[in-house]
1. Using 0.36 nm times the number of residues separating Asp177 and Arg93, minus their current alpha carbon distance, what extension gain do you get?
2. Per 5 Å bin, what percent of the C-alpha pairs of segment 1-73 does each bin hold, from zero upward?
3. According to the square roots a ≥ b ≥ c of the eigenvalues of the Cα gyration tensor, what is the shape class of the chain, taking rounded for a/c under 1.5, prolate for a/b larger than b/c otherwise, and oblate for the remainder?
4. Please list, by residue number, everything in segment 96-136 whose backbone N is under 19 Å from a paramagnetic label point 7 Å out along Cα→Cβ of Phe187.
5. For every helix of n ≥ 4 consecutive DSSP H residues, a contribution of -39,500 (n - 2.57) applies; sum these over the chain, divide by its total residues, and give [θ] at 222 nm rounded to the nearest 500 deg cm²/dmol.
6. Given Cα pairs under 8 Å that are at least 6 residues apart, what percent is the relative contact order of segment 74-145?
7. Pull out a ≥ b ≥ c, the square roots of the eigenvalues of the alpha-carbon gyration tensor of segment 140-189, then state rounded if a/c is under 1.5, prolate if not and a/b is larger than b/c, and oblate in the remaining case.
8. What shape does segment 79-184 take by its C-alpha gyration tensor, where a ≥ b ≥ c are the square roots of the eigenvalues and a/c under 1.5 counts as rounded, a/b above b/c as prolate, and the rest as oblate?
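The values are calculated or read from the model by the stated rules, or taken from the named source; none is laboratory data. Just so it is clear, the structure is predicted and the values come from calculations on it, not from any experiment. Note that each Cβ is placed from the backbone with ideal geometry, even for glycine, and that neighbours are counted across all protein chains shown. Keep in mind that these areas ignore ligands, DNA and RNA; they rest on the heavy atoms of the full protein, side chains included. Shrake-Rupley method; radii C 1.70, N 1.55, O 1.52, S 1.80 Å.
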Amino acid sequence: TVLKLSGADFSTRTLVAEFEDDAGGLALHPDGRLLVCVAGRGLAAIDPTKPDPRWLETADGRSFAGLLSVAAAPDGRIFAVEGSTGRRPNEWRHDLMEKRSNGRLVMCGPDLGNPQVLLRDLPYPYGLSVSADGKQLWLTESWAHRLSRFALSANGLGAGEVIAANMPGYPSRLHPDAQGGLLLGVFAR
């Protein structure tokens, strides 16, 4: 379920969407659509003026079992991470204990078309964020305990660099703050 909270102390709750499976990462697209990661299905793009969401369900011929986070660039491109190919988000413990590294970073157009896998074999990529100017993409890799930054170009990713390594926990979701920085979630610290 996705709810919109408003009013004093966010006490007013309005149902935005219901899905057949767990809703996870959320982002707002520059055109006003809400992007929602849905376990076992893929990425839903909800247009407030239309009742049915559009879906991105595959990339490179593989369906999405567990998209974790999504971000939209100012130019409309959409980026999403799947922590573990073939694994649902609630199976993260199994993925960690098996020491898997098969997550992927996917990019698609504003219309959810032409999905491309930009990075693969990642150790549970959990969070991502695009800078306000659209020139950088930030990415967490939970099992590697690191936060990285990549240059964004019109064609995809440029060079990357590790910004924080050996973090004391598993870095997860990222969210831009009002000052141009990032809020970083860390689990099992």
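1. Details: separation 84, 0.36 × 84 = 30.24 nm, distance 2.94 nm.
Extending this stretch completely gives an extra 27.3 nm.
2. Taking every Cα pair in segment 1-73, the percentages come to 3, 16, 24, 25, 18, 9, 3, 1, 1, 0.
3. On the way: a/c = 1.28, a/b = 1.26, b/c = 1.02.
Here the chain falls in the rounded category.
4. Under 19 Å, as judged by backbone N against the label point of Phe187, lie 96-105, 122-129 of segment 96-136.
5. Values: 1 runs with 6 residues, N = 189.
One gets -500 deg cm²/dmol as the mean residue ellipticity at 222 nm.
6. On the way: 135 pairs, mean separation 22.4, N = 72.
31 percent.
7. Details: a/c = 2.50, a/b = 1.41, b/c = 1.78.
Oblate shape, in that a/c is at least 1.5 and b/c is the bigger or equal ratio.
8. Numbers: a/c = 1.82, a/b = 1.22, b/c = 1.49.
The shape class here is oblate.
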